[in-house]
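Novice: Please see the structure below; I have some questions.
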Amino acid sequence: MASTELETQQRMDAAIEGVDNRVSEAAAESTFQEIEDDARAIPAIEFQHVTLGFGDRNVLDDLSFKVMKGETKIILGGSGTGKSTTIKLVLGLLKPDEGRVFVNGEDVTDYGEYEMMRVRKNIGMIFQEGALFDSLSVYENVAYRLHEQGVPEDEAEQEVRRMLRFVNLEDAIDKMPAELSGGMRRRVGIARALVGAPQIVMFDEPTAGLDPPTARTICELAIKLRDLEDVSSMFVTHEMNNVEYLTSEYAAVNDEGEVIFEEEGQKLCLINTKIMMIRDGHIIFSGTDEQLTKTDDPYIKRFLRGK
Amino acid sequence: MNIAIRSLLEVQETSLLVARAFRRLFRRPIYLTEMFTQADVIGVGSLTIILLTGFFTGGVLTLQTYPTLKYYGAQDQTGYLVALSLVRELGPVLTALMCTGRVGSAIAAELGSMVVSQQIDAMRALGTDPVRKLVAPRLVALVVTLPLLTVVADVIGIIGGGAVSTGLYGMPMESFFSSVRHGITTDDITGGVIKPVVFALIIGSVACNKGLSTEGGTVGVGRSTTSAVVTASILVIVADFFLAKALQVILNMPGK
């Protein structure tokens, strides 16, 4: 082999070695990230064999499931099946008779009200009817958590305006809850729950009784939280169009910096949204929307089609 | 569950609520603004009905006792009798009953509505303890304002009695008020101010507990409100008997 060829070969080997080095650095970086990501392996919410009864009836019976970080768990089920009870257990508003409840890997089952207050700071809750404080204005409602924490008024106002912009209701800042429509109340409730950027958000039938466009807006908010804010959430509903929006669309930011909603398909398949169906306190289905539509269970089929 | 066990459980719940409220009173954040607001709503807001009740109660006492006392030739003791009845019994009890109707019902209805519209749950979810934010300020406001309202009722009642004795029976004003001054002792006034403190605790704790344990929507709110007023009224009257006896023993009053 000529000397020039040998040199060339050596340079190539060195170059390849250099590339290899760069790859291994990148791999090391990614390994490092994976170590960080280990935190993501801890479920945001975990139920282990949770049982809760009211009187003689068990509303929840040996319920076990996990909601991973950044995941949205849609909880489906008819009225009175224990959907809302489930999310109240996460917040410690109710305590299980048996079983354990974990939030971010922390066993909160036996926490008293005082310890629970610390856990709740990281959880936002959106109630069925908004549950706004009637005696407080929209501003005071949204700023409630900040006022309680003694945040200076200037900072509180900035945060309140930012949250109200997020739900498209900045104009209603000085109104009283009685002056708002049902959909607006829900959106103020969402803004209030999201102050302080909680990493877990609970939606308790947020679209019940709302017109389709408003319901769609609320689902878009949930999608934005999931895809742009990396929020873990439980979304209690019995409306199938909510399920369709949440399982088939994702939020992204376009080149102009605007939030856009795109359907999953060729480019992306949504894996961060799962469905769980509860009936008589038991989980009768757990999986993706595709699995749900293919199920043979006659009750689920009737639930999906309405007949 | 029979009625006796249910009542005992309710007594336990109410006592625990009061204990929790007072224990948390000294933990931060302390809701001072809320306390002043409640004191204004409960105290200043009740002033009109207390003034009217006090004045006419004093008046009717004179109306009923003057002729009897005159029959025995003791009409110069009218002021003493009216003042004693008012300061020891009627002032504290009537003020407490009026406040049960006005304040107790409002507290039970307000807290009950907050429960059924999930505002209490929302408050807890937002990291606020409803006992500290809602119950403690109301209890403190009642304990502070009810004795003050009672004193107002006593004074206005005596003025009402004086007005009737002078206006209807032609008794000199000085004679009425001098019998009041000579008859009433510090112990009477002390006893008359201790009672409303206990009544305030009864009204506040019963109303808050009934409100917070509301179930069953708007119908439940109505039920809680009625139940709060009835229970607190009965407890005030029953407690008054035992307090009267206890005060007789403690303050060494006549009747021991």
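Novice: Measure nothing but the geometry: give the 0 to 90° angle between the long axis through the Cα atoms of A:3-41 and the longest principal axis through the Cα atoms of chain A, rounded to 10°.
Specialist: Relative to chain A, helix A:3-41 is tipped by roughly 20 degrees.
Novice: Any chance you could count the Lys pairs in region B:39-245 whose alpha carbons are under 29 Å apart, treating pairs 8 or more apart or on different chains as valid?
Specialist: Numbers: B:LYS133/B:LYS195; B:LYS133/B:LYS210; B:LYS195/B:LYS210; B:LYS195/B:LYS245; B:LYS210/B:LYS245.
Lysine pairs meeting the criterion: 5.
Novice: Calculate the spin-label point distance for A:GLU290 paired with B:VAL144, positioning each point 7 Å from the Cα along the beta-carbon direction, and give it in nanometres.
Specialist: 6.5 nm
Novice: Where the convex hull is taken over the Cα atoms of chain B, what is its projected area averaged over directions, in nm²? Intermediate results must be reported in sequence, preceding the final value.
Specialist: Working: hull surface 63.4 nm².
In nm², the orientation-averaged hull projection of chain B is 15.9.
Novice: Can you list the GluC sites (Glu not before Pro) in region A:149-258 that are in a DSSP coil and have 12 or fewer other beta carbons within 10 angstrom? Please list the in-between numbers first.
Specialist: Values: sites: A:GLU153, A:GLU155, A:GLU157, A:GLU159, A:GLU170, A:GLU179, A:GLU220, A:GLU229, A:GLU239, A:GLU244, A:GLU249, A:GLU256, A:GLU258; in loops: A:GLU229, A:GLU239, A:GLU256, A:GLU258.
Passing both the DSSP loop test and the Cβ count: A:GLU256, A:GLU258.
Novice: Compute the helix-to-body angle for B:186-212: its Cα long axis versus the longest principal axis of chain B, expressed 0 to 90° and rounded to tens.
Specialist: Roughly 30 degrees, rounded to the nearest 10.
Novice: Now for a separate question. Given a Förster distance of 30 angstrom, what is the FRET efficiency for A:ASP134 paired with B:ILE49, based on the Cβ-Cβ distance and rounded to 0.05? Kindly include the intermediate steps, with their values, before the conclusion.
Specialist: Numbers: r = 25 Å, r/R0 = 0.84.
Plugging the Cβ-Cβ distance into 1/(1 + (r/R0)^6) gives 0.75.
Novice: While we're looking at this one, here's another question. Enter the angle in degrees (range 0 to 90, nearest 10) between the Cα long axis of helix A:182-194 and the first principal axis of the Cα atoms of chain A, meaning the one along which they spread out most.
Specialist: Here the helix axis deviates by roughly 50 degrees.
Novice: Residues of region A:133-150 with the amide nitrogen closer than 16 Å to a label point 7 Å from the Cα of A:ARG161, along Cα-to-Cβ, please.
Specialist: The answer is A:139-140, A:142-143.
Novice: Still on this structure: ³J(HN,Hα) across region A:128-141 via Karplus (A = 6.51, B = -1.76, C = 1.60, θ = phi - 60°), whole Hz, x for Gly/Pro?
Specialist: Result, rounded to whole Hz: 3, 9, x, 6, 6, 6, 4, 7, 10, 6, 4, 4, 5, 4.
Novice: Given the rule -39500 (n - 2.57) for each run of at least 4 DSSP H residues, summed and divided by the residues of chain A, what is its mean residue ellipticity at 222 nm, to the nearest 500 deg cm²/dmol? Working shown, then result.
Specialist: On the way: 11 runs with 133 residues, N = 307.
About -13500 deg cm²/dmol.
Novice: Now for a different question. Post the alpha-carbon centroid distance, region A:174-193 to region A:61-122, in whole angstrom.
Specialist: Cα centres, region A:174-193 to region A:61-122: 25 Å.
Novice: Continuing with this model, one more query. Apply the Karplus curve 6.51 cos²θ - 1.76 cosθ + 1.60, θ = phi - 60°, to the phi angles in region A:245-251 and return the couplings in whole Hz, x for Gly and Pro.
Specialist: Running phi through 6.51 cos²θ - 1.76 cosθ + 1.60 with θ = phi - 60° gives 4, 5, 9, 10, 10, 10, 9 Hz.
Novice: Another question about this same structure. Per the helix-only calculation at 222 nm, which mean residue ellipticity applies to chain B, given -39500 (n - 2.57) for every DSSP H run of n ≥ 4 and division by its residues, nearest 500 deg cm²/dmol?
Specialist: Numbers: 11 runs with 197 residues, N = 256.
One gets -26000 deg cm²/dmol as the mean residue ellipticity at 222 nm.
Novice: So, one more: What full-extension length gain, to one decimal in nm, is calculated for A:ARG40 and A:ASP171 as 0.36 nm per residue of separation minus the Cα-Cα distance?
Specialist: Using 0.36 nm per residue and subtracting the Cα-Cα distance, I get 43.4 nm.
Novice: Taking every DSSP beta bridge that has both residues in the protein assembly as shown, what percent is antiparallel when rounded to the nearest 5? Intermediate results must be reported in sequence, preceding the final value.
Specialist: On the way: 24 of 43 bridges.
Approximately 55 percent, going by the DSSP bridge assignments.
Novice: Identify all lysines with a Cα-Cα distance to A:LYS69 below 22 Å; exclude those on the same chain that are fewer than 8 residues away in sequence.
Specialist: Cα-Cα hits under 22 Å: A:LYS83, A:LYS88, A:LYS121, A:LYS224, A:LYS274.
Novice: Can you pull a Stokes-Einstein diffusion coefficient for region A:132-191 at 10 °C (1.306 mPa s), Rh from Kirkwood over Cα pairs, as a whole number of µm²/s?
Specialist: Numbers: Rh = 11.2 Å.
Approximately 142 µm²/s, per Stokes-Einstein.
Novice: With 20 Å bins from zero, work out the P(r) of chain A over every alpha carbon pair and list the percent per bin.
Specialist: 29, 52, 14, 6, 1
Novice: Still on this model: In nm, to one decimal, how far is the modelled label at B:PHE242 from the one at B:ARG20, with both set 7 Å along Cα→Cβ?
Specialist: 2.3 nm
Novice: Pull out a ≥ b ≥ c, the square roots of the eigenvalues of the alpha-carbon gyration tensor of region B:153-256, then state rounded if a/c is under 1.5, prolate if not and a/b is larger than b/c, and oblate in the remaining case.
Specialist: Details: a/c = 4.05, a/b = 1.88, b/c = 2.16.
It comes out oblate by the Cα gyration axes.
Bear in mind that the values in this text are calculations on the coordinates, not laboratory data. Values in this document were obtained by computation on a predicted structure and should not be read as measured data. Here Cβ is always computed from backbone atoms with ideal geometry, including for glycine, and neighbour counts include all displayed protein chains.
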